[in-house]
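**Q** Take a look at the following structure, please.
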Amino acid sequence: MTAATIDTTAGDPRPVPTLRLFAAELRWVLRRPRTLIMFGLFALVPILIAIGVVVADGDGDGNGGRGLIGSIGGNGLVLPIAAMTISLTLLLPLAVAVASADAIAGEASHGTLRGLLLSPVGRLRLVGMKAFGVLVVAVVATLVIAVVGVLAGLVVVGGADGQLITLSGTTVGLGEAVGRVGLVALWTVGQLAAVGAVALAVSSFTEHPLVVLASVLGGLITFGVLSTIPALDWLAPYLLTTGWSAGADALRDPLPLDGLGSSSLVALVYLVVGAAVLITRMSRRDA
Amino acid sequence: MGNRSSVRRRWAAGGIGAALVATVGIGLVVAPAGASAAPELPPVSPEDLVSSVLTAEPGPFNGTVSLDNQLGLPALPGAPQAANGTSTARIWSGDDGKGRVSLPTDQGEKTFVSDGATRWSYDSETRTVTKVPAKQGGGPGEKQGGRPDRAPEAGTTGPPEVAAPDPAAAAATAIGELRNTSTVSVDGTAEVAGRPAYQLVLDPKPTERTLLREVRIAVDAEKRIPLQLSVLANGSPEPALQVGFTDVTFGPQDASLFAFTPPPGSTVRDEPATTDRAKPGPAGPKPGQDAGRDAARPTIVGDGWDTVVVARTPAQAKPGEPKPDSAEQGDQGAPEGAGAPDLSALGTPVSGPWGAGRQISTAVGTAIIADDGRIAAGAVPAQVLTEALAR
């Protein structure tokens, strides 16, 4: 929070309006150069994939290779979904981890958290404000990928007459395709919210932002390693990352919702546990 | 801070508590809905059950079929379902031989659509459409030559094939045949895909020299279609192979599901109807039906559970894989590989009075590929195979 806001609240015995609180946090988050640079880099993800696909698909057979990337060639509307799915593996959680690390641990390391804890703002609202800031980063980053992905898909990759060819071989119109991109974006934000809740919980225990980054990325990498060990396959349903391939389900027809739904429920559990730890820790924290 | 360690201990306890909450929460979220107590159903004899399956007309339905494969087959290129693991298929079945099957993978999908007149298949990885004129009365599963949708295949293609004789008599005959080598019983009930089902169980008679312990077929109590097939091998409490619905819904299906238009940018290949069944080249296709179709006509040695199929490697294309193929028990194991993988790298070398070759052992069967080109396979120990080869 900015120093100005703290000053005004300090001189004002009335509680701060929640809206102003959130707006202040939003300004605080979005004014950071690293946040803006991150958003810019996320815009590059679909553009780079689009260029790569177009270059690889130079012979024009509409088949840029195997996998999700391969199905982008000549089928541009796959691009936003592929870009979101690929970014979800590491890049988007990184952005959320950076935001979460800054939100509490970063403020603690700068000494600015003390002012927040002393200010006449309830701890619950304080947590809500910080979570809101992280959520905004997640939403904006995802939307940047989705919107730039749709545009790059239509302009750079093109093909399929503005329609989306699903993995099942059917074609859906632009409107429904954008709807599916929106669904994946919503689902991605849900997964990122879970990452963010855990990251904020870690953030509330430390005053070193790097610890938050290390634990979130280390956790994700550990999850990835665990899921490749056959003897531990019973563990897979409990890992947040297991459901992260469900984004490609939006490219199937008829749209199967069970993968997206179950992974969202798992994310919800992570979110609830992370939030509970975060709120408990923050409400007991000494100023 | 004298109480720092107690504070830390309290947080550690809180952390463990949070982890427990997370585990229980996710456990509740991901727990399969089934696994409830066995439903109460009126008793039924095996003959009546089989007869009702043969006459069943389930009507249109859709569902998800899951294949849990613990056969221990070597991984084959082009057939990821053959290796150990689980795979799923989404199935829609309409009237008049219309159907749709989707085999999703993480990053792609294979789709099979039968619109009654034409069978389409689409591979999202290569973006190729294969178009085959349908033969009469083909169900959606049939064209795949034994993919994980075997259970519905039996449901959809069963009635036309057996419609001619009296179903009750046919069931009695079939069960009479089976009783020569097996114990056939209805062993209680189960809940499969949220539906009450009878468990039809085939146990090999003690005289049968087989690796299999039993074959269980869960039959829907109301619609009388097979919902689940489990193959249990000796020495393992878990099924070596389990194929079945994880969810199924009966009712009218959207007609647009059974129409297919090749998407723009895809390659369309026309194939004549006759090559359709020969092309996948599975060595273990439908029991008793396609077994003698290959040019190198296989010899059947023995009967019942210790049936051994001895075939000769076709010169032009080897069979997809040497399947444990115990004719009528219907344990036609794993999905078949597409194409003809190089078998010479698989298995362990064996030799005997019959010659030398390579032996491939799985949980439910054994195959020996002799160096002279003969292939012997069955749901039997290797000794039975070598006896068959020595004959």
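Computed from the coordinates by the stated procedures, all read-outs in this text should not be read as laboratory data. All of these numbers come straight from a predicted model, not from anything done at the bench. Note that each Cβ is placed from the backbone with ideal geometry, even for glycine, and that neighbours are counted across all protein chains shown.
**Q** Find the relative contact order for segment A:99-210 and round it to a whole percent, using C-alpha pairs within less than 8 Å whose residues are 6+ positions apart.
**A** 51 percent
**Q** Continuing with this model, one more query. How far is helix A:258-284 tilted off the main Cα axis of chain A, in degrees rounded to 10, range 0 to 90?
**A** On a 0 to 90 degree scale, this one is about 10.
**Q** To one decimal place, what orientation-averaged projected area in nm² is obtained for the convex hull of the Cα set of chain A?
**A** Average projection, Cα convex hull of chain A: 16.1 nm².
**Q** To the nearest whole number, what is the average tally of beta carbon atoms from other chains within 10 Å of the beta carbons of peptide B:256-267?
**A** 5
**Q** Given contacts defined as C-alpha pairs under 8 Å and at least six residues apart, what's the relative contact order of segment A:18-284, whole-number percent?
**A** Once divided by the residue count of segment A:18-284, the mean separation gives 26 percent.
**Q** Then there's this: In degrees, nearest 10, range 0 to 90: what is the angle between the Cα axis of helix A:174-203 and the longest Cα principal axis of chain A?
**A** Relative to chain A, helix A:174-203 is tipped by roughly 40 degrees.
**Q** Let me ask something else. What does the structure give for B:98-107 when I average, per residue, the other chain Cβ atoms found within 10 Å of the residue Cβ?
**A** Shielding by partners across B:98-107 averages 4.
**Q** For segment B:178-253 and segment B:350-387, what is the separation of their C-alpha centers, rounded to whole Å?
**A** Here the two parts' Cα centres lie 28 Å apart.
**Q** Let me ask another. Specify the angular offset, from 0 to 90 degrees and rounded to the nearest 10, of the alpha carbon long axis of helix A:33-56 from the longest principal axis of the alpha carbons in chain A.
**A** Orientation of helix A:33-56: about 10 degrees from the principal axis.
**Q** Count, for each residue of A:271-278, the Cβ atoms from other chains sitting within 10 Å of its Cβ, then give me the mean as a whole number.
**A** If you average over the peptide's residues, the count of other-chain Cβ atoms is 3.
**Q** With n ≥ 4 as the cut-off for DSSP H runs, can you work out [θ] at 222 nm for chain A, using -39500 (n - 2.57) per run divided by the number of residues, rounded to the nearest 500?
**A** -21500 deg cm²/dmol
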